[in-house]
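Comments concern the structure below.
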Amino acid sequence: MKTEGIDGIERFTSHGKGRGLRATKHFKVGDLLFSCPAYAYVLTVSERGAHCEFCFTRKEGLSKCGKCKKAFYCNVDCQKGDWGMHKLECSAMCAYGDNWSPSETVRLTARIIAKQKMLSDRSGSEKLLLVREFEAHLNELDNEKREMNQTDIAALHYFYSKHLDFPDPAALTVLLAQVNCNGFTIEDEELSHLGSAVFPDVALMNHSCCPNVIVTYKGIVAEVRAVQEINPGEEVFTSYIDLLYPTEDRNERLKDSYFFTCDCKECTSKAKDNEKMKVRKLSTPLEPEAIRDMVRYARNVIEDFRRAKHCKNILVRSGLLKIPPGELLEMCELSLDRMGSIFEDTNVYMLHMMYQAMGVCLYLEDWDGAMTYGEKIIKPYSMHYPAYSLNVASMYLKLGRLYLGLEKKSTGIKALKKALAIMEVAHGKDHHYITEIKKEIELQK
């Protein structure tokens, strides 16, 4: 099926993948293929007061909603612009107080229902794909996911019944499954979680572990830029998952969340797996069973963190097992000691745990500890991730800001410039994050 609507891009049927996007003209690295405003979106609760609820602008001195005192805005125009969505929650937050606790998925779904009631025609976010065309994969949901769906439906009725007319139960079940499979996480320049959204045209792209585009965000607009040369007739691929991990882990994640396995060249060749899974060379060679046991242990630890509530960082304030940050850091260090008896520091499971430890150090304001972990992470990150990776850019950015805070000016500027080199391709040279980082560098001169 071919649908016109975006210059240089068309919808088509991708062999073995279903619907997809392909280029109709040449794009060079850094080119903007297209942008897509959010069809519906929601700011995460922990960022209230720091970002505008309507446009996601980050600034000080935001004005709060006079009624609920929870939502914050740049000005009256933003508050008026958001009222159609905020009214779904404003009085409920007042009524329920601390007991107001719908999940972000529930909040986003409520806004999609409200948006569908408002619109009589396709939105500017649906030039190539309608929300109602989203895949739901209902028949592939396991019992746990079906139960989660029913829990979310109950929460929708409990928190939003006064302001929403719900579709029938079957349609609501489909919609929640569609949101879970097609929703996007909006992140800032350091990959901290800002909110959730649906971007229908962006959702049309298929996955590859060696993607030729990257998705970044300018407020509530998703932008898709080339990170490889793309020729006319070539399919446009993004990545749905974190690409740090080895092939088996990536495909388990894809199967669990998106119900397919990947057959891209990275997955068929497994070219990076040996480096990603590097083990120590000891005088007495390690037994294969010992390595397999440690891999199982590492995967279990990672899964524990992955299942933790998604928030700005995996910390106490995100509700992770209610563990005090000091104890959480100790857990990370003990896991690193155990895995380090077999894995090299460049092993991705070690890097995963170092990243968690770095996050806890930042929360504890242990700047030296965070810097030490960051320095161990950055070189193998640069090796394991594809070119123009936001994970690499965000690590250089965090390190650069740490160095400057620790009065290591020249090292800090160097790290910030490395972040900029990646972000100018991924975000575009006119992005406000680029402007902000350049100002940080100029202030050091």
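The values are calculated or read from the model by the stated rules, or taken from the named source; none is laboratory data. Since the structure is predicted, the reported quantities are computational estimates derived from the model, not experimental observations. Glycine also receives a Cβ, built like all others from the backbone with ideal geometry; neighbour counts cover every protein chain displayed. These accessible areas exclude ligands, DNA and RNA; they are computed on the full protein's heavy atoms, side chains included. Shrake-Rupley method; radii C 1.70, N 1.55, O 1.52, S 1.80 Å.
List the pairs from Lys255/Lys281; Lys398/Lys429; Lys59/Lys398 whose alpha-carbon separation is above 26 Å, in the order I gave them. Numbers along the way, then the final one.
On the way: Lys255/Lys281 33 Å; Lys398/Lys429 20 Å; Lys59/Lys398 19 Å.
Over 26 Å apart, Cα to Cα: Lys255/Lys281.
Around Val279, which amide H atoms from residues at least 5 apart in sequence, or from another chain, sit under 5 Å from its own amide H, with H modelled in the peptide plane?
Glu344
Could you work out the equivalent-ellipsoid semi-axes for segment 183-310, taking the square root of 5 times each eigenvalue of the Cα gyration tensor, largest first, in whole Å?
Those come to 31, 19, 13 Å.
Could you give each residue of segment 333-342 its phi-based ³J(HN,Hα) in whole Hz, using Karplus coefficients 6.51, -1.76, 1.60 with θ = phi - 60°, and x for Gly or Pro?
5, 5, 5, 5, 4, 5, 5, x, 6, 10
Take segment 76-212, compute every pairwise Cα distance, and split them into 5 Å bins from 0; I just need the percent in each bin.
Calculated over all Cα pairs of segment 76-212, the distribution is 2, 8, 17, 20, 22, 17, 9, 4, 1, 0 percent.
Can you tell me the accessible area per residue over segment 21-83, all protein chains present, probe 1.4 angstrom, in square angstrom?
It amounts to 48 Å² per residue over segment 21-83.
Looking at segment 134-190, which trypsin sites (Lys or Arg not before Pro) are DSSP coil and have at most 10 other C-beta atoms within 10 Å of their C-beta?
Loop-located and lightly packed - Lys162.
Taking θ = phi - 60°, what integer Hz values does the Karplus form 6.51 cos²θ - 1.76 cosθ + 1.60 yield along segment 432-445, in sequence order, with x for Gly and Pro?
The phi angles translate into 5, 5, 4, 4, 5, 5, 4, 5, 4, 5, 4, 5, 8, 8 Hz.
Based on Cβ point charges of +1 for Lys and Arg and -1 for Asp and Glu, what charge dipole magnitude is obtained for the chain about its Cα centre, in debye rounded to the nearest 20?
Details: 61 positive and 62 negative charges, 168 e Å.
Rounded to the nearest 20 debye, it is 800 debye.
Hey, can you grab everything whose amide H is under 5 Å from the amide H of Asn206? Only 5+ residues off in sequence or another chain; H modelled, so Pro and N-termini drop out.
Close amide H contacts, sequence-distant or interchain: Leu21, Thr238.
Specify the inter-centroid distance of segment 106-152 and segment 396-445, based on alpha-carbon positions, in whole Å.
38 Å
Please sort by residue number the GluC sites (Glu not before Pro) in segment 345-445 whose DSSP state is loop and whose Cβ has at most 14 other Cβ atoms within 10 Å.
Glu365, Glu407
Counting only heavy atoms of the protein chains, get the accessible area per residue of segment 166-316 (1.4 Å probe) and round it to a whole Å² value.
Per-residue accessible area for segment 166-316 comes out at 45 Å².
Starting from the residue with the highest accessible area, list Ser63, Ser410, Ser257 in decreasing order, probe 1.4 Å.
Ser410, Ser63, Ser257
How large, in percent, is the carbon and sulfur part of the accessible surface of the chain at a probe radius of 1.4 Å? Walk me through the numbers before you get to the answer.
Numbers: 10710 of 21330 Å².
Carbon with sulfur: 50 percent of the solvent-accessible area.
Quote the charge dipole size of segment 119-261 about the Cα centre in Debye, to the nearest 20; the model charges only the Cβ of Lys and Arg (+1) and of Asp and Glu (-1).
360 debye
Using Cα atoms only, what is the angle between the long axis of helix 104-118 and the major principal axis of the chain, expressed in degrees (0 to 90) to the nearest 10?
Roughly 30 degrees between the two axes.
Can you give the calculated 222 nm mean residue ellipticity of the chain, where each DSSP H run of n ≥ 4 adds -39,500 (n - 2.57) and the sum is split over every residue, rounded to the nearest 500 deg cm²/dmol?
-14500 deg cm²/dmol
Show me, for segment 187-199, the HN-Hα J-couplings you get by feeding each phi into the Karplus relation (A = 6.51, B = -1.76, C = 1.60, θ = phi - 60°), rounded to Hz, glycine and proline as x.
Using θ = phi - 60°, the values come out as 10, 8, 5, 9, 6, 7, 6, 9, x, 10, 7, 10, 10 Hz.
From the cross-link list Lys272/Lys409; Lys69/Lys162; Lys17/Lys278; Lys80/Lys218; Lys64/Lys162, which pairs have alpha carbons spaced over 29 Å apart?
Lys272/Lys409; Lys17/Lys278
To the nearest 10 degrees, how steep is helix 169-182 against the longest Cα principal axis of the chain, on a 0 to 90 scale?
Approximately 40 degrees, to the nearest 10.
With the Cα gyration tensor of segment 366-445 in hand, give its eigenvalues times 5 under a square root as the equivalent ellipsoid semi-axes, listed largest first in whole angstrom.
Taking √(5λ) for each eigenvalue gives 19, 18, 8 Å, largest first.
What value in Å³ per residue do you get for the convex hull of the alpha-carbon atoms in the chain?
Normalising the Cα hull of the chain by residue number yields 162 Å³.
Can you tell me how segment 1-156 classifies by the Cα gyration tensor, rounded, prolate or oblate, using a/c under 1.5 as the rounded cut?
Details: a/c = 2.37, a/b = 1.42, b/c = 1.67.
Because a/c hits 1.5 or more and a/b fails to exceed b/c, segment 1-156 counts as oblate.
Rolling a 1.4 Å sphere over the protein heavy atoms, what is the accessible area per residue of segment 318-435, to the nearest Å²?
Roughly 43 Å² per residue, with all protein chains present.
What is the projected area of the convex hull of the Cα atoms of segment 32-115, averaged over all directions, in nm²?
Values: hull surface 25.2 nm².
Projected over every direction and averaged, the Cα hull of segment 32-115 covers 6.3 nm².
Using a Förster distance of 25 angstrom, determine the FRET efficiency expected from the C-beta separation of Trp100 and Arg132, and round it to 0.05.
After rounding, the FRET efficiency stands at 0.30.
What residue among His427, Gly400, Ile437 has its Cα farthest toward the positive end of the dipole of segment 400-445, where the charges are +1 on Lys, Arg and -1 on Asp, Glu, each on the Cβ?
Of the options given, the answer is Gly400.
Would you mind computing Rg(Cα) / (2.2 N^0.38 Å) for segment 211-258, counting N as its residues?
With N residues counted in segment 211-258, Rg over 2.2 N^0.38 Å equals 1.36.
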